[in-house]
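**Q** Let me begin by handing over the structure; questions about it come next.
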Amino acid sequence: MTQLWHLLLYGLAGTGAGLLALKTGIPAAPLAGALIGAALVSMGGRLELAQWPHGTRTALEIGIGTVIGTGLTAGSFAELKQLWRPALLITLALVLTGLVVGLWSSRLLGINPVIAVLGAAPGGISGMSLVGAEFGVGAAVAVLHAVRLITVLVVMPLVVKVLLPMGQSPPPS
């Protein structure tokens, strides 16, 4: 089977699992589903590892950046007048915590420090996996972020429901 067919099969597996994941209602489910679908095909060992054409990753990075960028509006920046302090505090706390947890995990568990630091870094699967790919550890970073993201998306809504008094809805954003 040619490499083009392999890429098509990987793409179909990712698309199918991503569309199936939409049924769960979990935020970012299509991304996590696509990751799991393509990974299952890859781990099956029946196909060669995907060798994407030159420039594919760059095109995907541009696409992801465009999708994220279109979510930023003039209203988003207007909110920064009130939110810049918490944004700065939260960002610094998350980056420092990610570094500490990543380095500590690396030493404690004996894993590659690059994987541990990027896996513990704040950010989403797509962004951190692309950064990890630059260092040759994209798949491992994606696995760590997928576990984190799925756990957070399942646990946090439950925590919010428990913390809010009965019958009270969350404050408007």
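**Q** From the list 137, 141, 117, which one is within 19 Å of residue 61 (Cβ to Cβ), modelled with pLDDT of 90 or more, β-branched (Val, Ile, Thr) and in contact with a Ser or Thr (Cβ under 8 Å, 6 or more places away or on another chain)?
**A** 141
**Q** When you look at residue 96, is it among the aliphatic types (A, V, I, L, M) and in contact with an Asp or Glu (Cβ under 7 Å, 6 or more places away or on another chain), yes or no?
**A** no
**Q** Does at least one position in region 27-43 carry a residue that is part of a loop (DSSP other than H, G, I, E, B) and touching a residue at least 24 places away in the same chain (Cβ under 8 Å)?
**A** yes
**Q** Here is a follow-up. Which of the following residues is outside any helix (DSSP H, G or I) and either at pLDDT 90 or above or surrounded by 14 or more Cβ atoms within 10 Å (Cβ to Cβ) (or both): 66, 24?
**A** 24
Condition check ((1) in contact with a Ser or Thr (Cβ under 8 Å, 6 or more places away or on another chain); (2) over 23 Å from residue 14 (Cβ atoms)) across all residues:
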| site | (1), (2) |
| --- | --- |
| 50 | yes, no |
| 56 | no, no |
| 60 | no, no |
| 83 | no, yes |
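**Q** Confirm whether residue 57 is assigned to a helix (DSSP H, G or I) and under 26 Å from residue 16 (Cβ atoms).
**A** yes
**Q** Output the residues belonging to region 143-168 that are small (Gly, Ala, Ser), out of contact with any Leu (no Cβ under 6 Å at 6 or more places or on another chain) and in a helix (DSSP H, G or I).
**A** Matches in region 143-168: none.
**Q** Mind listing just one residue for me: the one in region 81-135 that is farther than 24 Å from residue 29 by Cα, assigned to a helix (DSSP H, G or I) and polar (S, T, N, Q) and, of those, farthest from the chain's Cα centre (by Cα)?
**A** 82
**Q** Continuing with the same structure: Let me spell it out: the conditions are (1) in the same structural domain as residue 33 (by TED's automatic domain parsing); (2) of a type in the set (A, V, I, L, M, F, W, C); (3) assigned to a helix (DSSP H, G or I), and residue 47 meets all of them except one. Which number is the exception?
**A** Only one criterion is unmet by residue 47, namely (3).
The values are calculated or read from the model by the stated rules, or taken from the named source; none is laboratory data. Every value quoted in this text rests on a predicted model; they were computed, and no experiment measured them. Cβ coordinates were reconstructed from backbone atoms using ideal geometry, including for glycine residues, and neighbour counts include every protein chain displayed.
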